[in-house]
Every structure is written in C-alpha cells, then in structure tokens.
Number of protein chains: 2
Amino acid sequence: MHRTRVRVVEDALDANNTIAQANRADFDRASTRVVNFMSAPGAGKTSLLERVLPELAGIRVGVLEGDVQGSMDADRLASLHVPVTQLNTDAGFGGECHLDANMVRSALPSLPLDEIDLLVIENVGNLVCPAEFRVGEDVRVMVCSVAEGEDKPLKYPLMFRTCELVLISKIDLLPHLEFDVDKLLYNLDAVHPGVERMLVSARTGEGIGEWRDWLAAVVDRVEAPA
Amino acid sequence: MHRTRVRVVEDALDANNTIAQANRADFDRASTRVVNFMSAPGAGKTSLLERVLPELAGIRVGVLEGDVQGSMDADRLASLHVPVTQLNTDAGFGGECHLDANMVRSALPSLPLDEIDLLVIENVGNLVCPAEFRVGEDVRVMVCSVAEGEDKPLKYPLMFRTCELVLISKIDLLPHLEFDVDKLLYNLDAVHPGVERMLVSARTGEGIGEWRDWLAAVVDRVEAPA
C-alpha cells in the first residue's frame with residue numbers, strides 16, 4: 001500500500017510539472033515574470049504586498065490570489081488598482097490546501113498577461129504542500145513571521161529549501177517576543193545554506209525597499225532561469 | 001477529471017473514517033480520552049501543552065507528536081515526564097501535511113494506552129487538511145494566534161467549524177498588534193456559532209487554568225460523545 005501511495009503521488013507531481021511547463025511557456029511568451037509567494041496562514045503575505053506593490057514604479061503588476069474560500073485578500077489588493085484574480089480551491093478543486101499548476105492554468109484566461117510584467121501568485125497559507133507543486137513560476141518567495149518561532153525551517157524543510165528568497169516578517173514585534181533571529185538564521189542555513197533573506201515589517205516599512213529592489217531585478221531578467 | 005478527483009478524495013476519506021473508528025474502539029477499550037490538537041504552524045500548540053500538562057494533577061497524560069520532520073516538540077515535551085511518541089509524516093507517509101487515522105494507528109503499539117487517561121495528538125501545523133481527517137479522537141481543539149489576523153475563520157472555515165474548543169493564543173501580544181478580538185469572535189461565530197472559546201497566553205499563564213479544567217472535564221466524561 002505504501003508503494004502504491006508513493007507512485008500515486010509521483011504520478012500526480014509528474015502531471016503537475018507538465019502543466020507547470022505549459023504555464024511557464026505562456027508566461028514567457030507574454031514576457032511576464034512570475035513569483036510564487038508562500039507562507040503559513042497569517043504570516044503577512046497580503047500586508048507585505050499592500051506595502052511593496054505601490055513602490056514598484058514603472059512595473060505593471062498583477063496578482064493571482066489563492067485561498068480555500070473567500071476573496072478578502074483579493075478585495076484588499078484591488079484597492080491598489082492592479083489586476084487581481086481570485087482562485088478558490090474549494091469550488092471545483094475539493095478544498096485543496098495548495099495551488100497546483102492546473103488551478104493556475106484555469107485562471108490564466110482571466111489575466112491580461114500581455115499587460116503584466118510581474119505576476120504575484122499568492123498561494124494558500126500552508127508550509128507543506130505548496131512547496132511540492134510548481135505552478136510555472138520563475139521564483140519562489142516565502143514569508144516566515146517572527147511570531148512563528150525559530151524552529152520552522154527544521155520542521156518544514158522543503159518549503160524553506162525550494163525558495164530563492166525568505167522574508168522574515170513582523171520584525172516590529174521582536175521587542176515583545178522571546179525570539180532569537182540568529183537562531184532562526186542558523187536553522188535556515190541548516191536546510192538551505194546561504195539562501196537570500198531579508199528582515200521586513202509591513203507595519204514600519206523596514207526592509208520593504210530592499211524587497212522592492214529584489215522584485216524589480218526579477219522583472220529585469222532577460223532570460224528566465226531554468 | 002473533476003468528478004474523478006472528487007470520488008478519489010471521497011474514497012480516501014471513507015477509508016480513513018473506517019480506521020478512525022477502529023482507533024476509537026481501542027481508545028475506548030483502554031478508557032483513554034483523546035484530543036486532536038490542531039493549528040497553523042507556530043500558533044503555540046507545544047508551548048500551551050508545556051504549560052497545561054503539569055497542571056493536570058491526577059490525570060495520566062500521553063502525547064502523540066505529529067510533524068513532517070524532526071522531533072523537536074517531542075523532545076520539549078519529554079522533559080515533562082509524560083510518555084511522548086513522535087510520528088513523522090515524511091518517513092513512509094510521503095511528507096503528508098496532516099495526520100490521518102492510519103498514521104495514528106501505526107503509532108498505537110508504542111503508546112501504553114492502559115496507562116493513559118488523556119492522549120493529546122498534536123497534529124501537523126496546517127489549517128486545511130487536518131480538519132478533513134478524523135483520527136479517532138473524542139474532541140478537537142484548535143489554536144489560533146492573535147498574530148495571525150482576525151480573518152482566519154473566514155479563510156479556513158472547515159477547521160474552525162469542526163472544533164469543540166478554539167484557543168485564541170498569544171494574547172500577551174495584543175498591546176503590540178492592531179488586532180481586534182471582537183472582530184475575530186464575530187468571524188468565528190459566523191462559521192461556528194457559539195463554539196466554546198478561551199483567550200490564553202502560554203507566556204503569562206492567562207487562561208491556562210480555564211483550559212486545564214476543560215481538559216479535566218473531557219477525562220471525566222463517562223461516555224464519549226458520538
């Protein structure tokens with residue numbers, strides 16, 4: 001039974017990768033660079049987008065908002081006057097705990113890709129399964145809030161290992177927590193040595209400029225990395 | 001394809017429920033009451049257990065610790081001198097984002113059920129899939145940290161809807177957050193009207209006595225609820 005289960009999972013991931021490549025080809029054709037944006041629930045993804053998107057002057061941004069249910073985050077981002085498409089995983093997708101390539105593909109017709117330089121796909125809040133499913137992105141960015149504790153890289157290693165950038169969020173709370181940033185960074189380097197990381201706060205704006213520059217550099221890439 | 005997917009999911013849940021009933025029968029035979037303890041990553045489940053378990057005088061407690069990888073939480077709880085069994089979902093279970101009845105069943109031989117009045121199953125940190133898989137528990141308790149935002153019941157309704165008790169944790173952080181407790185409770189009542197809830201802090205001990213009494217009452221139940 002165990003072997004069957006592994007095979008079923010492998011087949012599903014193979015199928016997912018095939019569709020992810022088709023998504024990627026569509027993004028490349030439109031010269032749209034794509035960020036897969038992931039975190040645990042409540043780490044602050046939407047607040048960080050609210051902060052950084054208005055700073056990306058000259059870059060046409062779009063957002064694909066993934067949630068099990070509801071459109072609260074999409075509603076928040078719509079006020080920034082960027083194209084936002086909501087993708088719910090409960091209607092037709094069985095309440096999945098992650099976005100997969102097929103779900104993203106189903107949303108592509110509603111996105112004006114030719115008018116989007118940078119598409120941010122805000123994934124479902126979850127530190128496990130989103131890391132297993134490529135959706136056609138160029139880069140993966142994850143957020144880890146200092147309220148979550150220093151042990152998270154060791155407990156959810158795949159997520160931390162597959163990202164190009166780790167945003168350590170809510171650093172304005174540090175004075176009020178028993179949280180050791182060095183310990184988090186040590187654990188991070190244990191699972192993904194040297195991965196780029198930034199300390200940020202959506203509330204105070206700390207680190208947002210650095211992150212904006214990083215996103216702008218993603219758009220400036222002539223060739224997308226493999 | 002959609003219909004096939006739904007059927008596969010339904011079959012998996014049926015199989016899970018059958019095994020969950022077998023687990024429950026074993027727990028009942030040993031007069032062990034079981035709590036399925038769930039939350040997002042970093043909401044503070046282990047810290048809350050470290051606080052409450054020593055308070056449960058006269059009740060023999062055991063813990064089944066679920067994680068994708070590692071045994072950090074089990075190591076923390078072992079210092080409380082209660083039987084702790086670690087269950088990792090990556091070794092042999094494909095890195096699942098939740099515990100299911102079969103995984104719990106595989107751990108039962110390593111638990112001295114006859115010497116345990118209250119078994120706490122600390123689930124994998126995730127607000128989606130753990131809610132779908134019964135493991136044979138009597139009651140479900142979930143933790144939602146005030147650092148996660150007031151919108152969580154609306155975004156992850158199934159988890160909030162299937163619990164008998166919601167612990168609202170890290171309330172010592174309230175003075176440092178823009179968090180509206182009334183708004184959270186309003187959203188909670190929208191998805192699970194009147195569900196029991198407690199405001200707690202593992203750091204200050206606030207609310208821990210109330211939670212201890214609740215757990216003691218679970219043990220005192222003569223008949224387990226359906």
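The values are calculated or read from the model by the stated rules, or taken from the named source; none is laboratory data. For clarity, every value in this text was computed on a predicted model and none was experimentally measured. FYI the Cβ positions are ideal-geometry reconstructions off the backbone, even for glycines, and counts take in every protein chain you see.
Odds and ends about this structure:
- The condition of being over 23 Å from residue A:144 (Cβ atoms), free of Cβ contacts under 8 Å to residues at least 60 places away in the same chain and out of contact with any strand residue (DSSP E or B) (no Cβ under 6 Å at 6 or more places or on another chain) holds for residue B:160.
- Residue list for segment A:67-79, filter: away from chain B (no Cβ under 11 Å) and crowded, with 20+ Cβ neighbours inside 10 Å: A:74, A:77
- Any hit, segment B:192-203, residues being among the aliphatic types (A, V, I, L, M) and assigned to a helix (DSSP H, G or I): no
- Restricting segment A:153-179 to residues that are assigned to a loop (DSSP other than H, G, I, E, B) and more than 17 Å from residue B:173 (Cβ to Cβ), the residue that is nearest to the other protein chains (Cβ to nearest Cβ): A:156
So that you can scan it fast, the table gives a plain yes or no per residue for (1) out of contact with any strand residue (DSSP E or B) (no Cβ under 7 Å at 6 or more places or on another chain); (2) within 24 Å of residue A:70 (Cβ to Cβ); (3) not hydrophobic (A, V, I, L, M, F, W, C):
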residue	(1), (2), (3)
B:128	yes, yes, no
B:140	no, yes, yes
B:184	no, yes, no
B:192	yes, yes, yes
B:197	no, yes, yes
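- Tallying residues that are away from chain A (no Cβ under 12 Å) and among the β-branched types (Val, Ile, Thr) within segment B:123-140 yields 2.
- Filter result for residue B:136 (out of contact with any Ser or Thr (no Cβ under 8 Å at 6 or more places or on another chain) and buried (at least 19 other Cβ atoms within 10 Å of the Cβ)): yes
- Just one of the listed residues (B:38, B:72) is within 18 Å of residue A:128 (Cβ to Cβ), modelled with pLDDT of 95 or more and not β-branched (Val, Ile, Thr), and it is B:38.
- For the condition crowded, with 18+ Cβ neighbours inside 10 Å and more than 26 Å from residue B:159 (Cβ to Cβ), residue A:96 does not qualify.
- Members of segment A:80-89 that are within 11 Å of another protein chain (Cβ to nearest Cβ), surrounded by fewer than 20 Cβ atoms within 10 Å (Cβ to Cβ) and either in a loop (DSSP other than H, G, I, E, B) or of a type in the set (Phe, Trp, Tyr) (or both): none
- Extreme residue, surrounded by the fewest Cβ atoms within 10 Å (Cβ to Cβ), among residues of segment B:54-66 that are out of contact with any strand residue (DSSP E or B) (no Cβ under 6 Å at 6 or more places or on another chain) and aliphatic (A, V, I, L, M): B:57
- Filtered residues of segment B:90-135 (kept if touching a Lys or Arg at 6+ places or on another chain (Cβ under 7 Å) and assigned to a helix (DSSP H, G or I)): B:101, B:115
- Of all residues in segment B:182-211, those being of a type in the set (Ser, Thr, Tyr) and under 15 Å from residue B:144 (Cα atoms) number 2.
- Filtered residues of segment B:22-51 (kept if farther than 30 Å from residue A:143 by Cα and either touching a Pro at 6+ places or on another chain (Cβ under 7 Å) or not in a strand (DSSP E or B) (or both)): B:22, B:23, B:24, B:25, B:26, B:27, B:28, B:29, B:30, B:31, B:32
- In the set A:143, A:104, A:120, only one residue is more than 8 Å from chain B (Cβ to nearest Cβ), closer than 23 Å to residue B:45 by Cβ and in contact (Cβ under 8 Å) with a residue 60 or more places away in the chain; that residue is A:143.
- Filter pass, residue A:150 being crowded, with 23+ Cβ neighbours inside 10 Å and either within 7 Å of chain B (Cβ to nearest Cβ) or outside any strand (DSSP E or B) (or both): no
- Residue check: residue A:185 meets all listed conditions (1) in contact (Cβ under 8 Å) with a residue 24 or more places away in the chain; (2) farther than 19 Å from residue A:215 by Cα; (3) surrounded by 16 or more Cβ atoms within 10 Å (Cβ to Cβ) but one, namely (1).
Yes/no matrix, rows are residues, columns are (1) in contact with a helix residue (DSSP H, G or I) (Cβ under 6 Å, 6 or more places away or on another chain); (2) on the phi > 0 side of the Ramachandran plot:
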{"residue": "A:123", "(1), (2)": "yes, no"}
{"residue": "A:131", "(1), (2)": "yes, no"}
{"residue": "A:136", "(1), (2)": "yes, yes"}
{"residue": "A:166", "(1), (2)": "no, no"}
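- Among the residues of segment B:204-226, those identified as modelled with pLDDT of 95 or more and not in a helix (DSSP H, G or I) are B:204, B:205, B:206, B:207.
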